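Data block below; observations after.
The values are calculated or read from the model by the stated rules, or taken from the named source; none is laboratory data. This one's a predicted model, so the numbers in the text were calculated from it and none came from an experiment. Here Cβ is always computed from backbone atoms with ideal geometry, including for glycine, and neighbour counts include all displayed protein chains. Surface areas here come from the heavy atoms of the whole protein model, side chains and all, with no ligands, DNA or RNA. Shrake-Rupley method; radii C 1.70, N 1.55, O 1.52, S 1.80 Å.
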Amino acid sequence: MLELRKINYDVLPEVLELRARPEQEQFTMPVADSLLEAFAAREDDHTVLPFGLYDGDTAVGFIMFGYGVTDEFDIPTVRGESYCIWRLMIDRNFQGRGYGRQ
């Protein structure tokens, strides 16, 4: 069962190591870039919620949610009072195990 963990100093090193497969890199953004974008969005008063995806003590992926209506920059448009999945990435070593479905 997957667990969402807030990004803090305890999980940051593991989450920053997560990578997509080389052939998927054109469709994903490195976790570090996503975290920088989340920081910038929060500074502009947007609600952005990044998490590490964990199976037990193992970081297997990264997910970032957005909330509310916005149409600025690359922030996805979301209907009022709704959440969206802004980023989802399962590490290349853990793909094909059903984590994305969970």
Is it the case that residue 66 is assigned to a strand (DSSP E or B), buried (at least 18 other Cβ atoms within 10 Å of the Cβ), small (Gly, Ala, Ser) and modelled with pLDDT under 95? yes
In segment 1-21, what residues are open to solvent by 30 Å² or more (accessible area, probe 1.4 Å) and in contact (Cβ under 8 Å) with a residue 12 or more places away in the chain? 1, 2, 3, 4, 5, 6, 7, 14, 16, 17, 19, 21
Looking at (1) free of Cβ contacts under 8 Å to residues at least 12 places away in the same chain; (2) exposed (fewer than 12 other Cβ atoms within 10 Å of the Cβ); (3) under 18 Å from residue 92 (Cα atoms), which is the one condition that is false for residue 43? (3)
State which residue is farthest from the chain's Cα centre (by Cα) when the search covers only segment 4-33 and only residues that are farther than 18 Å from residue 95 by Cβ and outside any loop (DSSP other than H, G, I, E, B). 13
Applying the selection to segment 34-45, what residues are farther than 18 Å from residue 9 by Cβ and part of a helix (DSSP H, G or I)? 37, 40, 41, 43
Which numbered condition trips up residue 38, out of (1) of a type in the set (Gly, Ala, Ser); (2) in contact with a Leu (Cβ under 6 Å, 6 or more places away or on another chain); (3) at pLDDT below 95? (2)
